[in-house]
Amino acid sequence: MRAKATNSPAAALPLGALLVLVIGGFMAVLDGTIVNVAVPKLMAVFGVGSERIQWVLTAYLLTSGAVVPVTGELTDRLGGKRAYLAALAVFTVGSALCAVAWNANVLIAARVLQAIGGGAIMPVSMAMVYQIVPRERIGTALGIWGITISLAPAIGPTLGGYLIDRFSWHTIFLINLPIGVVGVLLALLLLPESPQKAPAGFDKPGFLLSVAGCFALLLALSKGEDWGWGSCPVVMLLVGALFGLAIFGLWEAGHPEPVLDVRLLRNPVFLASLVTSCTTSIAMYAGVFYLVIFTQALQGYTPTRAGLLLLPQALVAGALMPVGGRLFDRIGALPLALPGTLLLAYTSYLLHGITLDTSFGSLALLLSLRAAGLGLCMMPLSAAGLNTVPPPLVSRATALNTLARNISASLGIAYLTHVMQKAEAFHAAWLASRLALDAPLVPWVAAQMRVLLSHLGVGDAAAGSAVLAYLVQREAMARAIADTFLAAAAIALFGLPFVFLLGKGYVERTRLEELRRWGGKEPA
């Protein structure tokens, strides 16, 4: 039996339909991280260098980001169910082509196709949640749907490493096929039909400007460290992206059928929701990205052990998101988002104190506390803003929400990586200065090192210097990663003032004002 959309406050949640949307969202988010661990294997299999194989990751990032702005238009024209089915089918076909790729070029092309579907799944599925769930229970529904965001990034590296070690690189793509096919069949059975907007003139200039601007910006952010932030290609990409997106915003503001309705940013609650969602997204990805580097590159963890470290935080966030969503339906966003944001910032600050000797248990505990903050605040922050958007505009709002979070995550990782590299150079220079030849402990350390190396059968004095330089660089990198968490805490706190605009009373007044402003219907 098909689930039916309802506006009755007393109606039960359409759990079957929500499960279908969770399946698609989980696959899309998982695939953004599961391939990362396969890079060395793919280099060996296809006989290409790191610069070439990195495009397997970059192509997915760029394409999935560039396709997001048109998902609102796609959802309105096809209807939510058809748009979701199309995205899931394209993603599944792309996964199959990735699995049978015979060279790097074919794999990159297949990843582009896969990303077209994967990039559309998240905003379309979020829009579908608003179509099939009454507004009075939207927090609970988004809490269930949001489990994908917390679990998939943590599971991806561990699952990818396990599949490659036990089977082959093909399995990281083949695993999507049965899930995708089952997802399509369940979507046909369980998702309700949704209304389609009458065909109108497609905004081709807006489409081209959005794709070009997002593509250029994401490419510059992903390659800035490799090519150099001051290099000609990166500067040209950034300037082109800024000009392109500025022209896009001006064009969309005056277009009757915009691809991405920037007029929604006039809504103060929706704008505050976007800002706070972006700052929490940056803090969330920082915890995953830099701790994987810290534990594997510096503490010597295997990919599986590093993945297990991330699992408790994913379980905590996944358990709390439905709870936070349910509480949001009763008390609104502010009582949840305020302590959640403060806890996220405070635990990020505590991670500033990690060292090479920090134990697995201590890291897991800190990450779990941090995840509790994320679980409390992440879904209420998004839901508060989307709840003030008139129903006919929700698909456009979810596209704007997803695009903002994608770009902010890329921008945040690029900024934090820059902070890490600058901090690493500073700490390396400071530590090296402590090892000046006239320092009191240096002769003793050098003597102990010579004894150790002689026991290992190494008598070369240069080897001792190399070991000492390695230890200095290792400590400098550890301190630099710790510094990035201080920056992540500051970013989380940056969104704190905007949280106070998400009180339940102000959200409801804004919702009524927005309905009156749009005339209770989609604007012409």
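Quick note: the coordinates plus some simple rules give every number you see, no bench work behind them. This is a predicted model, so every value here is computed, not measured. Note that we place each Cβ from the backbone using ideal geometry, even for glycine, and neighbour counts take in every protein chain shown.
Summary table below
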| quantity | calculated |
| --- | --- |
| The stretch 311-341 and the stretch 59-113: distance between their alpha carbon centers, rounded to Å | 31 |
| Contour excess over end-to-end distance, with Cα ends at residue 136 and residue 430 and 0.36 nm allotted per residue | 100.2 nm |
| Helical mean residue ellipticity (222 nm; -39500 (n - 2.57) per DSSP H run of 4+; nearest 500) of the chain | -26000 deg cm²/dmol |
| C-alpha long axis of helix 461-494 to longest principal axis of the chain, angle in ° | 30 |
| Per-peptide average of other Cβ atoms within 10 Å, ordering 417-427, 333-343 highest first | 333-343, 417-427 |
| Diffusion coefficient, µm² s⁻¹, Stokes-Einstein with Kirkwood Rh over alpha-carbon pairs of the stretch 1-194 at 4 °C and 1.567 mPa s | 76 |
| Most positive-pole-ward Cα, 53, 84, 219, against dipole of the chain from beta carbon charges | 84 |
| Residue-by-residue Karplus 3J(HN,Hα) for the stretch 109-115, coefficients 6.51, -1.76, 1.60, Hz, glycine and proline x | 4, 5, 5, 4, 4, 4, 5 |
| Per-peptide average of other Cβ atoms within 10 Å, ordering 262-274, 386-398 highest first | 386-398, 262-274 |
| Trypsin sites (Lys or Arg not before Pro) within the stretch 154-242, DSSP loop, no more than 14 other Cβ atoms inside 10 Å | none |
| Amide proton proximity set for residue 79, modelled H, under 5 Å, gap of 5+ | 197 |
| Gyration tensor verdict on the stretch 338-404 (Cα atoms; rounded if a/c is under 1.5, prolate if a/b is larger than b/c, oblate otherwise) | prolate |
| Cα centre as origin, Lys/Arg/Asp/Glu Cβ charges: the chain dipole, Debye | 1000 |
| Relative contact order (%) - the chain, alpha-carbon pairs under 8 angstrom, separation at least six | 21 |
| For peptides 111-121, 494-504, sequence by mean Cβ density within 10 Å, most packed first | 111-121, 494-504 |
| Virtual spin-label span in nm between residue 326 and residue 96, 7 Å along Cα→Cβ | 4.0 |
| Nearest 10 degrees, 0 to 90: helix 232-253 Cα axis against the chain principal axis | 20 |
| Translational diffusion coefficient (Stokes-Einstein; Kirkwood radius from C-alpha pairs) of the stretch 205-260 at 4 °C, 1.567 mPa s, in µm²/s | 112 |
| Unit charges at the beta carbon, dipole of the chain: most positive-side option, 44, 184, 265 | 184 |
| Charge tally in the Cβ shell below 13 Å around residue 423, where Lys, Arg are +1 and Asp, Glu are -1, residue 423 excluded | -1 |
| Label zone at residue 508 (point 7 Å along Cα-to-Cβ), backbone N below 13 Å, the stretch 332-358 | 332-333 |
| Estimated inter-spin distance, residue 346 and residue 471, nm [label 7 Å along Cα→Cβ] | 3.8 |
| Which of 477, 395, 228, positive extreme of dipole for the chain (C-beta unit charges) | 395 |
| Cα-based shape type of the stretch 114-222, given that a ≥ b ≥ c are square roots of the gyration tensor eigenvalues and the cut on a/c is 1.5 | oblate |
| Potential lengthening between residue 359 and residue 247 on full extension [0.36 nm per residue; Cα-Cα distance subtracted] | 35.3 nm |
| Global geometry of the stretch 236-319, whether rounded, prolate or oblate, following the gyration tensor of its Cα atoms and the 1.5 cut on a/c | prolate |
| With Cα atoms, 0 to 90° folded angle of helix 268-293 axis to the chain main axis | 30 |
